[in-house]
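For reference, the structure is listed below as C-alpha coordinates.
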Amino acid sequence: MKKTLQTIIHGPWAYWIGAIILGLLNILVLIVRRQPWGVTWNIEIWAEWIGTNLGVLSDRGFTFEGLMAASGTYLNLGLLLGAFWATLVASQVRFRPIRDKKFFFSALIGGLLMGYGARIAYGCNVGALLNGIASSSLTGWIFAFAVFLGTWLGSKLLLKYLM
Amino acid sequence: MSINSAFHSQRKWNIGFILFLTLLLVLLSQISIRLTLITALGISLGFVLQKSRFCLVSALRDPILIGMTQLTRAFLLLLGISILGFALVSWGASQRNIPLSLNVFPMGVHTVVGGLLFGIGMVLAGGCSTGIIIRIGEGFAMQMLAFFGLAVGSVLGERSLKSWRYTFGEWPGIFLPDIFGWVPTLILEIIVLLTLWQLARWWQKKQLGE
(Lines give C-alpha, C1' and ligand atoms only; values in the text may rest on other atoms or scores of the structure.)
Protein backbone atom coordinates (compact mmCIF):
# COMPACT_ATOMS: atom_id res chain seq x y z
CA MET A 1 0.00 0.00 0.00
CA LYS A 2 2.76 2.38 0.99
CA LYS A 3 4.69 1.31 -2.06
CA THR A 4 1.70 2.04 -4.30
CA LEU A 5 1.37 5.53 -2.85
CA GLN A 6 5.09 6.02 -3.33
CA THR A 7 4.76 5.11 -7.01
CA ILE A 8 1.76 7.40 -7.49
CA ILE A 9 3.70 10.33 -6.06
CA HIS A 10 7.16 9.66 -7.45
CA GLY A 11 6.24 7.83 -10.63
CA PRO A 12 6.86 6.71 -13.20
CA TRP A 13 3.41 5.29 -13.79
CA ALA A 14 3.02 2.37 -16.17
CA TYR A 15 2.54 3.53 -19.76
CA TRP A 16 -0.78 1.73 -20.16
CA ILE A 17 -2.19 3.46 -17.07
CA GLY A 18 -1.10 6.79 -18.57
CA ALA A 19 -2.75 5.84 -21.88
CA ILE A 20 -6.11 5.07 -20.24
CA ILE A 21 -6.22 8.24 -18.13
CA LEU A 22 -5.00 10.42 -21.01
CA GLY A 23 -7.64 8.87 -23.28
CA LEU A 24 -10.40 9.72 -20.81
CA LEU A 25 -9.08 13.26 -20.31
CA ASN A 26 -8.83 13.72 -24.08
CA ILE A 27 -12.50 12.77 -24.43
CA LEU A 28 -13.47 15.10 -21.56
CA VAL A 29 -11.68 18.00 -23.30
CA LEU A 30 -13.75 17.30 -26.43
CA ILE A 31 -16.96 17.36 -24.37
CA VAL A 32 -16.18 20.58 -22.49
CA ARG A 33 -14.49 22.42 -25.35
CA ARG A 34 -16.70 21.04 -28.15
CA GLN A 35 -13.52 20.83 -30.13
CA PRO A 36 -10.55 18.45 -29.68
CA TRP A 37 -7.47 19.22 -27.59
CA GLY A 38 -4.72 21.01 -29.51
CA VAL A 39 -1.48 22.70 -28.56
CA THR A 40 0.42 24.48 -31.33
CA TRP A 41 -2.14 26.86 -32.83
CA ASN A 42 -2.53 28.68 -29.52
CA ILE A 43 1.24 29.09 -29.25
CA GLU A 44 1.26 30.63 -32.72
CA ILE A 45 -1.46 33.19 -31.96
CA TRP A 46 0.39 34.27 -28.80
CA ALA A 47 3.55 34.63 -30.89
CA GLU A 48 1.58 36.67 -33.46
CA TRP A 49 0.31 38.99 -30.72
CA ILE A 50 3.74 39.44 -29.12
CA GLY A 51 5.36 39.95 -32.52
CA THR A 52 2.76 42.54 -33.48
CA ASN A 53 3.33 44.45 -30.24
CA LEU A 54 7.09 44.36 -30.73
CA GLY A 55 6.51 45.75 -34.21
CA VAL A 56 8.16 42.86 -36.06
CA LEU A 57 5.02 41.18 -37.41
CA SER A 58 2.08 42.50 -39.37
CA ASP A 59 -1.14 42.66 -37.36
CA ARG A 60 -3.39 39.61 -37.76
CA GLY A 61 -6.02 41.02 -35.46
CA PHE A 62 -5.28 39.02 -32.30
CA THR A 63 -6.10 40.98 -29.15
CA PHE A 64 -5.05 40.31 -25.57
CA GLU A 65 -8.71 39.94 -24.59
CA GLY A 66 -9.21 37.43 -27.38
CA LEU A 67 -6.20 35.39 -26.28
CA MET A 68 -7.33 35.40 -22.66
CA ALA A 69 -10.72 34.11 -23.74
CA ALA A 70 -9.24 31.35 -25.93
CA SER A 71 -9.59 27.89 -24.38
CA GLY A 72 -6.26 26.83 -25.88
CA THR A 73 -4.49 29.33 -23.63
CA TYR A 74 -5.87 27.59 -20.54
CA LEU A 75 -5.06 24.12 -21.83
CA ASN A 76 -1.44 25.07 -22.45
CA LEU A 77 -1.13 26.95 -19.17
CA GLY A 78 -2.67 23.93 -17.44
CA LEU A 79 -0.17 21.58 -19.10
CA LEU A 80 2.72 23.66 -17.82
CA LEU A 81 1.33 23.98 -14.28
CA GLY A 82 0.38 20.29 -14.18
CA ALA A 83 3.83 19.13 -15.27
CA PHE A 84 5.48 21.45 -12.75
CA TRP A 85 3.20 20.22 -10.00
CA ALA A 86 3.89 16.57 -10.89
CA THR A 87 7.60 17.34 -10.51
CA LEU A 88 7.03 19.21 -7.27
CA VAL A 89 5.00 16.49 -5.51
CA ALA A 90 7.98 14.19 -6.07
CA SER A 91 10.37 16.89 -4.72
CA GLN A 92 12.23 16.86 -8.03
CA VAL A 93 11.99 20.54 -8.93
CA ARG A 94 15.25 21.98 -10.13
CA PHE A 95 16.61 23.93 -13.08
CA ARG A 96 18.19 21.61 -15.64
CA PRO A 97 20.75 23.54 -17.73
CA ILE A 98 21.87 22.56 -21.22
CA ARG A 99 24.86 20.25 -20.81
CA ASP A 100 26.40 20.63 -24.23
CA LYS A 101 26.53 23.47 -26.75
CA LYS A 102 25.33 21.21 -29.55
CA PHE A 103 22.00 20.77 -27.77
CA PHE A 104 21.59 24.54 -27.87
CA PHE A 105 21.47 24.37 -31.65
CA SER A 106 19.49 21.16 -31.90
CA ALA A 107 16.79 22.59 -29.59
CA LEU A 108 16.52 25.78 -31.60
CA ILE A 109 16.58 24.15 -35.03
CA GLY A 110 14.30 21.32 -33.89
CA GLY A 111 11.82 23.81 -32.47
CA LEU A 112 11.81 25.84 -35.67
CA LEU A 113 11.25 22.80 -37.89
CA MET A 114 8.54 21.54 -35.59
CA GLY A 115 6.68 24.85 -35.43
CA TYR A 116 6.88 25.31 -39.20
CA GLY A 117 5.81 21.72 -39.90
CA ALA A 118 2.93 21.81 -37.45
CA ARG A 119 1.61 25.06 -38.84
CA ILE A 120 1.58 24.02 -42.48
CA ALA A 121 -0.01 20.65 -41.58
CA TYR A 122 -2.65 22.31 -39.34
CA GLY A 123 -1.49 20.75 -36.08
CA CYS A 124 1.04 18.93 -33.97
CA ASN A 125 1.14 15.45 -32.46
CA VAL A 126 -1.93 16.22 -30.40
CA GLY A 127 -4.14 18.29 -32.70
CA ALA A 128 -3.30 16.66 -36.02
CA LEU A 129 -1.97 13.19 -35.16
CA LEU A 130 -3.75 11.92 -32.04
CA ASN A 131 -6.95 13.88 -32.53
CA GLY A 132 -6.85 13.79 -36.32
CA ILE A 133 -6.93 10.01 -36.08
CA ALA A 134 -9.40 10.13 -33.18
CA SER A 135 -11.66 12.24 -35.42
CA SER A 136 -11.57 9.44 -38.03
CA SER A 137 -9.98 11.82 -40.51
CA LEU A 138 -7.84 10.43 -43.32
CA THR A 139 -5.54 13.46 -42.96
CA GLY A 140 -4.67 12.31 -39.42
CA TRP A 141 -3.43 8.93 -40.67
CA ILE A 142 -1.42 10.51 -43.50
CA PHE A 143 0.14 13.01 -41.08
CA ALA A 144 0.98 10.19 -38.65
CA PHE A 145 2.80 8.27 -41.38
CA ALA A 146 4.76 11.39 -42.37
CA VAL A 147 5.69 12.10 -38.74
CA PHE A 148 6.91 8.52 -38.37
CA LEU A 149 9.14 8.89 -41.43
CA GLY A 150 10.37 12.23 -40.11
CA THR A 151 11.18 10.64 -36.76
CA TRP A 152 13.20 8.00 -38.54
CA LEU A 153 15.17 10.66 -40.45
CA GLY A 154 15.59 12.67 -37.25
CA SER A 155 16.92 9.61 -35.42
CA LYS A 156 19.55 9.16 -38.14
CA LEU A 157 20.60 12.79 -37.66
CA LEU A 158 20.60 12.32 -33.89
CA LEU A 159 22.88 9.28 -34.10
CA LYS A 160 25.20 10.96 -36.58
CA TYR A 161 25.64 14.38 -34.99
CA LEU A 162 24.44 14.39 -31.41
CA MET A 163 25.18 11.09 -29.73
CA MET B 1 15.67 7.29 -9.48
CA SER B 2 18.06 9.40 -7.48
CA ILE B 3 16.68 12.20 -5.38
CA ASN B 4 19.10 14.95 -4.60
CA SER B 5 19.12 15.30 -0.80
CA ALA B 6 19.29 19.08 -0.92
CA PHE B 7 15.97 19.03 -2.74
CA HIS B 8 14.54 16.07 -0.90
CA SER B 9 11.84 17.97 0.86
CA GLN B 10 9.89 20.37 -1.26
CA ARG B 11 6.78 19.60 0.76
CA LYS B 12 6.22 23.19 1.90
CA TRP B 13 6.53 24.40 -1.66
CA ASN B 14 4.10 21.71 -2.72
CA ILE B 15 1.48 22.85 -0.20
CA GLY B 16 1.98 26.43 -1.33
CA PHE B 17 1.59 25.44 -4.95
CA ILE B 18 -1.60 23.49 -4.26
CA LEU B 19 -2.99 26.61 -2.56
CA PHE B 20 -1.98 28.66 -5.59
CA LEU B 21 -3.69 26.25 -8.01
CA THR B 22 -6.85 26.20 -5.88
CA LEU B 23 -6.92 29.98 -5.71
CA LEU B 24 -6.38 30.21 -9.47
CA LEU B 25 -9.26 27.84 -10.20
CA VAL B 26 -11.58 29.55 -7.69
CA LEU B 27 -10.87 32.98 -9.16
CA LEU B 28 -11.29 31.68 -12.69
CA SER B 29 -14.61 30.07 -11.77
CA GLN B 30 -15.93 33.55 -11.02
CA ILE B 31 -15.28 34.49 -14.64
CA SER B 32 -16.05 31.31 -16.55
CA ILE B 33 -16.94 27.78 -15.42
CA ARG B 34 -16.01 26.44 -18.85
CA LEU B 35 -12.50 27.90 -18.74
CA THR B 36 -12.10 26.65 -15.15
CA LEU B 37 -12.95 23.11 -16.25
CA ILE B 38 -10.60 23.41 -19.20
CA THR B 39 -7.77 24.64 -16.96
CA ALA B 40 -8.39 21.74 -14.56
CA LEU B 41 -8.28 19.32 -17.51
CA GLY B 42 -5.07 20.94 -18.74
CA ILE B 43 -3.48 20.55 -15.30
CA SER B 44 -4.57 16.90 -15.18
CA LEU B 45 -3.16 16.24 -18.65
CA GLY B 46 0.15 17.84 -17.68
CA PHE B 47 0.30 15.90 -14.44
CA VAL B 48 -0.45 12.53 -16.06
CA LEU B 49 1.87 13.15 -19.03
CA GLN B 50 4.73 13.91 -16.63
CA LYS B 51 4.03 11.04 -14.25
CA SER B 52 3.60 8.39 -16.92
CA ARG B 53 6.57 9.66 -18.99
CA PHE B 54 4.23 9.66 -21.97
CA CYS B 55 5.99 11.12 -24.96
CA LEU B 56 5.25 10.66 -28.62
CA VAL B 57 8.87 11.23 -29.54
CA SER B 58 9.85 8.15 -27.52
CA ALA B 59 6.87 6.21 -28.86
CA LEU B 60 8.00 6.72 -32.44
CA ARG B 61 11.78 6.97 -31.94
CA ASP B 62 12.54 4.21 -29.43
CA PRO B 63 11.48 1.37 -31.77
CA ILE B 64 14.09 2.70 -34.20
CA LEU B 65 16.84 3.59 -31.72
CA ILE B 66 16.61 0.84 -29.11
CA GLY B 67 13.92 -1.54 -30.29
CA MET B 68 11.56 -0.89 -27.37
CA THR B 69 7.88 -0.62 -28.18
CA GLN B 70 6.04 -0.55 -24.82
CA LEU B 71 5.25 3.15 -25.17
CA THR B 72 4.39 2.71 -28.85
CA ARG B 73 1.79 0.13 -27.89
CA ALA B 74 0.48 2.35 -25.07
CA PHE B 75 0.08 5.11 -27.62
CA LEU B 76 -1.93 2.76 -29.84
CA LEU B 77 -4.15 2.10 -26.82
CA LEU B 78 -4.59 5.86 -26.35
CA LEU B 79 -5.56 6.14 -30.03
CA GLY B 80 -8.09 3.32 -29.68
CA ILE B 81 -9.72 4.86 -26.60
CA SER B 82 -9.82 8.27 -28.26
CA ILE B 83 -11.32 6.95 -31.53
CA LEU B 84 -14.15 5.17 -29.70
CA GLY B 85 -14.70 8.07 -27.28
CA PHE B 86 -14.80 10.65 -30.07
CA ALA B 87 -17.28 8.52 -32.01
CA LEU B 88 -19.50 8.25 -28.93
CA VAL B 89 -19.29 11.96 -28.12
CA SER B 90 -20.00 13.07 -31.68
CA TRP B 91 -22.96 10.67 -31.83
CA GLY B 92 -24.27 12.05 -28.51
CA ALA B 93 -23.78 15.62 -29.70
CA SER B 94 -25.64 15.02 -32.96
CA GLN B 95 -28.53 13.42 -31.03
CA ARG B 96 -28.90 16.58 -28.97
CA ASN B 97 -28.07 19.02 -31.76
CA ILE B 98 -25.02 20.29 -29.91
CA PRO B 99 -22.47 21.81 -32.30
CA LEU B 100 -19.18 19.93 -32.17
CA SER B 101 -16.20 20.24 -34.45
CA LEU B 102 -13.76 17.42 -35.05
CA ASN B 103 -10.26 17.74 -36.46
CA VAL B 104 -10.89 16.81 -40.07
CA PHE B 105 -8.31 19.01 -41.75
CA PRO B 106 -7.71 19.68 -45.45
CA MET B 107 -4.80 17.78 -46.91
CA GLY B 108 -2.16 18.36 -49.48
CA VAL B 109 1.56 18.08 -50.09
CA HIS B 110 2.04 20.31 -47.04
CA THR B 111 0.45 17.64 -44.81
CA VAL B 112 3.28 15.25 -45.70
CA VAL B 113 6.04 17.88 -45.74
CA GLY B 114 4.77 19.30 -42.45
CA GLY B 115 4.70 15.83 -40.88
CA LEU B 116 8.24 15.07 -42.05
CA LEU B 117 9.63 18.37 -40.72
CA PHE B 118 7.68 17.97 -37.51
CA GLY B 119 9.06 14.45 -37.01
CA ILE B 120 12.65 15.53 -37.63
CA GLY B 121 12.21 18.61 -35.45
CA MET B 122 10.77 16.80 -32.45
CA VAL B 123 13.65 14.33 -32.35
CA LEU B 124 16.20 17.17 -32.47
CA ALA B 125 14.33 19.26 -29.89
CA GLY B 126 13.78 16.31 -27.55
CA GLY B 127 10.01 16.60 -27.39
CA CYS B 128 6.98 17.44 -29.50
CA SER B 129 4.94 20.58 -28.80
CA THR B 130 3.28 18.97 -25.80
CA GLY B 131 6.45 17.27 -24.64
CA ILE B 132 8.28 20.60 -24.75
CA ILE B 133 5.72 22.21 -22.45
CA ILE B 134 5.97 19.26 -20.06
CA ARG B 135 9.78 19.48 -20.00
CA ILE B 136 9.70 23.21 -19.39
CA GLY B 137 7.55 22.39 -16.36
CA GLU B 138 10.26 19.95 -15.28
CA GLY B 139 12.84 22.72 -15.56
CA PHE B 140 14.75 21.82 -18.72
CA ALA B 141 16.52 24.81 -20.29
CA MET B 142 16.87 23.00 -23.61
CA GLN B 143 13.12 22.85 -24.17
CA MET B 144 12.67 26.49 -23.15
CA LEU B 145 14.85 27.29 -26.11
CA ALA B 146 12.95 24.82 -28.28
CA PHE B 147 9.71 26.54 -27.29
CA PHE B 148 11.06 29.81 -28.63
CA GLY B 149 11.96 28.03 -31.88
CA LEU B 150 8.51 26.48 -32.00
CA ALA B 151 6.79 29.85 -31.65
CA VAL B 152 8.93 31.45 -34.38
CA GLY B 153 8.57 28.40 -36.63
CA SER B 154 4.80 28.37 -36.36
CA VAL B 155 4.61 32.03 -37.39
CA LEU B 156 6.87 31.29 -40.39
CA GLY B 157 4.66 28.31 -41.23
CA GLU B 158 1.54 30.44 -41.16
CA ARG B 159 3.18 32.95 -43.49
CA SER B 160 4.16 30.32 -46.05
CA LEU B 161 1.07 28.10 -45.92
CA LYS B 162 -0.57 30.15 -48.67
CA SER B 163 2.21 29.47 -51.14
CA TRP B 164 2.18 25.72 -50.34
CA ARG B 165 -1.52 25.70 -51.10
CA TYR B 166 -1.07 27.78 -54.22
CA THR B 167 1.81 25.71 -55.63
CA PHE B 168 0.63 22.18 -54.87
CA GLY B 169 -3.08 22.57 -54.23
CA GLU B 170 -5.17 21.40 -51.32
CA TRP B 171 -8.03 18.93 -51.01
CA PRO B 172 -10.80 18.90 -48.44
CA GLY B 173 -10.21 16.52 -45.56
CA ILE B 174 -11.86 13.11 -45.81
CA PHE B 175 -14.04 12.15 -42.88
CA LEU B 176 -13.90 8.35 -43.09
CA PRO B 177 -17.45 7.70 -41.75
CA ASP B 178 -18.78 9.74 -44.70
CA ILE B 179 -17.35 7.11 -47.04
CA PHE B 180 -17.68 3.85 -45.14
CA GLY B 181 -20.28 4.65 -42.49
CA TRP B 182 -19.58 4.81 -38.77
CA VAL B 183 -19.47 1.14 -37.82
CA PRO B 184 -17.23 -0.10 -40.67
CA THR B 185 -14.90 2.88 -40.08
CA LEU B 186 -14.52 2.03 -36.41
CA ILE B 187 -13.97 -1.66 -37.17
CA LEU B 188 -11.40 -0.78 -39.83
CA GLU B 189 -9.54 1.61 -37.51
CA ILE B 190 -9.45 -0.86 -34.63
CA ILE B 191 -8.15 -3.57 -36.99
CA VAL B 192 -5.39 -1.21 -38.16
CA LEU B 193 -4.47 -0.39 -34.55
CA LEU B 194 -4.42 -4.07 -33.53
CA THR B 195 -2.24 -4.90 -36.54
CA LEU B 196 0.19 -2.14 -35.62
CA TRP B 197 0.12 -3.40 -32.01
CA GLN B 198 1.10 -6.91 -33.15
CA LEU B 199 3.74 -5.46 -35.44
CA ALA B 200 5.21 -3.43 -32.57
CA ARG B 201 5.30 -6.52 -30.33
CA TRP B 202 6.95 -8.58 -33.05
CA TRP B 203 9.50 -5.81 -33.67
CA GLN B 204 10.51 -5.66 -30.01
CA LYS B 205 10.89 -9.45 -29.87
CA LYS B 206 12.99 -9.37 -33.00
CA GLN B 207 15.19 -6.52 -31.74
CA LEU B 208 15.61 -7.51 -28.11
CA GLY B 209 14.93 -11.23 -28.31
CA GLU B 210 12.45 -11.10 -25.45
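The values are calculated or read from the model by the stated rules, or taken from the named source; none is laboratory data. Predicted, not measured: the structure shown is a model, and the values here were computed from it. Here Cβ is always computed from backbone atoms with ideal geometry, including for glycine, and neighbour counts include all displayed protein chains. The accessibility values were calculated without ligands, DNA or RNA, using every heavy atom of the protein model including side chains. Shrake-Rupley method; radii C 1.70, N 1.55, O 1.52, S 1.80 Å.
Taking a ≥ b ≥ c as the square roots of the eigenvalues of the alpha-carbon gyration tensor, region B:151-210 is classed oblate because a/c is 1.5 or more while a/b is no larger than b/c. Contact order, relative form, for region A:99-163: 22 percent (alpha carbon pairs under 8 Å, 6 or more residues apart, mean separation divided by residue count). In the protein assembly as shown, a dipole from Cβ-located charges (positive for Lys and Arg, negative for Asp and Glu) runs towards its positive end, and of B:91, A:14, B:47 it is A:14 whose Cα lies farthest in that direction.
If you plug the beta carbon distance of residue B:180 and residue A:157 into 1/(1 + (r/R0)^6) with R0 = 56 Å, you get a FRET efficiency near 0.90.
A simple spin-label model places pseudo-atoms 7 Å from Cα toward Cβ; at residue B:198 and residue A:65 they are separated by 5.8 nm. Shielding of peptide B:13-22 by partners, expressed as the average count of other chain Cβ atoms within 10 Å per residue Cβ, is 3. Legend: calculated FRET efficiency, residue B:84 to residue B:22, from the Cβ-Cβ distance at R0 = 51 Å, rounded to 0.05, equals 0.95. Expressed as a whole percent, the accessible area of chain B that falls on carbon and sulfur atoms is 69 (1.4 Å probe).
Computed on protein heavy atoms with a 1.4 Å probe, the accessible areas place B:62, B:178 in the order B:178, B:62, largest first. Each other residue within a Cβ distance under 9 Å of residue A:12 adds +1 if Lys or Arg and -1 if Asp or Glu, for a net charge of +2.
Using a ≥ b ≥ c from the Cα gyration tensor of region A:30-146 (square roots of the eigenvalues), is it rounded, prolate or oblate, where a/c under 1.5 gives rounded and otherwise the larger of a/b and b/c decides, a/b for prolate? Since a/c stays below 1.5, the shape of region A:30-146 is classed as rounded. If R0 is taken as 30 Å, the Cβ-Cβ distance between residue B:91 and residue A:145 corresponds to a FRET efficiency of 0.65. Exposure check, 1.4 Å probe, all protein chains in place: residue A:65 carries approximately 130 Å² of accessible surface.
With contacts taken as Cα pairs under 8 Å and at least 6 residues apart, region A:15-163 reaches a relative contact order of 24 percent. Note on region A:38-163: dipole from Cβ charges, positive end direction compared against A:42, A:118, A:75; the farthest Cα belongs to A:118.
Take each peptide in B:144-156, B:197-209, A:85-97, A:144-156, count the other Cβ atoms within 10 Å of every residue, and average; sorted highest first, the result is B:144-156, A:144-156, A:85-97, B:197-209. Result for chain A in a Gaussian network model with C-alpha springs under 10 Å: among A:40, A:73, A:52, the largest mean-square fluctuation is at A:52. Within chain B, which complete DSSP H helices have Cα atoms spanning at least 20 Å along the helix axis and a mean Kyte-Doolittle hydropathy of -0.5 or higher? Going by DSSP H runs, the hits are B:11-31, B:33-51, B:70-95, B:109-125, B:141-168, B:182-208. Lys-Lys pairs in the protein assembly as shown that are eight or more residues apart or on separate chains and whose Cα atoms lie under 25 Å of each other come to 12. The Cα atoms of the protein assembly as shown give a gyration tensor whose axes a ≥ b ≥ c have a/c under 1.5, which makes the shape rounded.
For residue B:9, project a label point 7 Å along Cα to C-beta. Then give me every residue of region A:80-101 with its amide nitrogen under 20 Å of that point. Only A:87-94 pass the distance filter. Candidate membrane-span-like segments in chain A, meaning DSSP H helices with Cα atoms spread over at least 15 Å of their own axis and a Kyte-Doolittle mean of 1.6 or above, are A:15-33, with no membrane implied.
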